[in-house]
Amino acid sequence: MREGLNRSPDAARIQRIAFIGIGNMGWPMAANLLKAGFEVTGCDAVPGRADQFAKEIGGTAAGSPAEAARGVDCVVTILPTSKQVAEVAAALAPVLASGSLVIDMTSGQPATTREIAAELGGRGIGMIDAPVSGGVPRAKNGSLAIMLGGEDALLDRAEPVLKAMGTSLHRCGGIGAGQAMKALNNLASAGNFMLGVEVMLIGQRFGLDPAKMVDVLNASSGMSDSSQRKFKQFVLSRRFDDGFALELMVKDLGIALEVGRQTATPTPMAALAKELWAAALASVGPGNNHTAAAQLPERLSGEILGGNK
């Protein structure tokens, strides 16, 4: 391990954090870091977003990632893609001191994250990946599930920061392992969601009440995160607004399939799920919430859950 990363416990304690990505998830996550007593400087690609956060929640705002990272102990990134993380990391590398830590909470590509970590490691900067699950509601109350990849010493150091945002921390392996697990988790979630929507459509045509079906699923072996937290709340209500974009789900399924290809694993079910979600994106259009994907099987069946309208 490089000398810059092998510091005393007091020197390694994280207090000052640059938070890059004040979006739907990042906003409440950064707010919880402030509540936990960390000093937070926010930065976002949307003009004025970081200033708004500083005004409403606290901390300070910066106009660029490099500005946000000056003098900090740790940088947290949560961005749409690994490409953006790589661009931010390139801007951060000349600014961050040796011994700094980067926590990438993006649902990114494991191979790209390993490349970024190697480049930062050459400068004595540590990196872990820590994608999250739980959506905006659990980001707000600080109860996210966080999947971790990286060296144990770096994960130990990051733990106080992570515990301010999540209550379920899972060490999955080396760098990139957290992101692989996140993509595979979303693959399982996406498959359950689409199958559950089809189940409700079949039941409705038979004469069953979809809301009652959800109650039965949640008391039976058909229970899933979708039946517990999505079907009534965002599909049957027609709200389609849980905070996670349809484009991001399709991206994550692509990452999961890439992990499958890299490991030479046959993935017929996963490939079908990816095609269904890509078709849903084409059908309902970009800019929609991922729960709006339910509208694809509805359109195929000519039936709207909760009644034809």
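What FRET efficiency would be calculated for the residue pair Glu247, Asp156, taking the C-beta separation as r and a Förster radius of 51 Å, to the nearest 0.05? Provide the component values of the computation, followed by the final result.
Working: r = 35 Å, r/R0 = 0.68.
E between Glu247 and Asp156, to the nearest 0.05, is 0.90.
In sequence order, what are the phi-derived ³J(HN,Hα) couplings for the range 167-180 according to the Karplus relation 6.51 cos²θ - 1.76 cosθ + 1.60 with θ = phi - 60°, rounded to whole Hz, with x for glycine and proline?
My calculation for the range 167-180 gives 10, 10, 9, 10, 7, 9, x, x, 4, x, 5, x, 5, 4 Hz in order.
Using only DSSP helix segments of four residues or longer, with each worth -39500 (n - 2.57), what per-residue ellipticity at 222 nm results for the chain after dividing by its residue count and rounding to 500? Intermediate values should be presented prior to the final figure.
Working: 14 runs with 153 residues, N = 309.
Mean residue ellipticity at 222 nm (helix-derived): -15000 deg cm²/dmol.
Would you grab the residues whose amide H sits under 5 Å from the one on Val40? Only those 5+ places off in sequence or on another chain, please, with H modelled 1.01 Å from N.
Ile17, Thr60
Given the chain, what count of lysine pairs have C-alpha atoms under 16 Å apart, with each pair 8 or more places apart or on different chains?
10
Treat each spin label as a single point 7 Å out from the Cα along the C-beta direction, and report the Ala282 to Val46 distance in nm.
So the two model labels end up 3.0 nm from each other.
Treating only the Cβ atoms of Lys and Arg (+1) and Asp and Glu (-1) as charged, compute the dipole magnitude of the range 72-187 about its Cα centre; round to the nearest 20 debye.
Working: 9 positive and 10 negative charges, 72 e Å.
That gives the range 72-187 a dipole magnitude of about 340 debye.
Obtain the nm distance between the two label points defined at Thr167 and Asp209 by a simple spin-label model: each point lies 7 Å from its Cα along the Cα-to-C-beta direction.
Here the modelled spin labels are 3.1 nm apart.
Name the shape class, rounded, prolate or oblate, that the alpha-carbon gyration tensor gives for the range 145-261, where a ≥ b ≥ c are the square roots of its eigenvalues, rounded holds for a/c under 1.5, and otherwise prolate holds if a/b is larger than b/c and oblate otherwise. Mind dumping the intermediate values first?
Working: a/c = 2.66, a/b = 2.06, b/c = 1.29.
Prolate, because a/c is 1.5 or more and a/b exceeds b/c.
Compute the accessible area per residue over the chain, keeping the other protein chains in place, probe 1.4 Å, unit Å². Intermediate results must be reported in sequence, preceding the final value.
Details: 14010 Å² over 309 residues.
Per residue, the chain has an accessible area of 45 Å².
If a/c stays under 1.5 just call it rounded; otherwise compare a/b with b/c (prolate if a/b is bigger, oblate if not). Do that for the range 61-215, with a ≥ b ≥ c from the square roots of the Cα gyration tensor eigenvalues. Spell out each step's value before the answer.
On the way: a/c = 2.53, a/b = 2.45, b/c = 1.03.
Prolate.
Which three extents, in whole angstrom, do the alpha-carbon atoms of the range 108-152 cover along their principal axes, largest first?
Largest to smallest, the principal-axis extents are 37, 19, 15 Å.
So if each residue of separation counts as 0.36 nm, and I subtract the Cα-Cα distance between Thr81 and Ser221, what length gain in nm does that give? Write down the numbers at each step before the final one.
Working: separation 140, 0.36 × 140 = 50.40 nm, distance 3.50 nm.
The span from Thr81 to Ser221 would gain 46.9 nm if fully extended.
For the charge dipole of the chain, defined by +1 on Lys and Arg C-beta atoms and -1 on Asp and Glu C-beta atoms about the Cα centroid, which residue among Pro28, Ala256, Pro137 has the Cα displaced farthest towards the positive pole?
Checking the options against the dipole of the chain, the answer is Pro137.
Which residue, Met269, Val199, Leu101, has the largest displacement toward the positive end of the dipole of the chain when charges sit on each Cβ (Lys, Arg +1; Asp, Glu -1)?
Val199
With only Lys, Arg, Asp and Glu charged, each at its Cβ (+1 for the first two, -1 for the last two), find how big the charge dipole of the range 199-309 is about the Cα centre; round to the nearest 20 debye. Walk me through the numbers on the way to the answer.
On the way: 12 positive and 11 negative charges, 37 e Å.
Computed about the Cα centre, the dipole is about 180 debye.
The values are calculated or read from the model by the stated rules, or taken from the named source; none is laboratory data. Predicted, not measured: the structure shown is a model, and the values here were computed from it. Note: ideal-geometry Cβ built from the backbone for every residue, glycine included; neighbour counts use all protein chains shown. Calculation scope for accessible area: heavy atoms of the full protein, side chains included, ligands and nucleic acids excluded. Shrake-Rupley method; radii C 1.70, N 1.55, O 1.52, S 1.80 Å.
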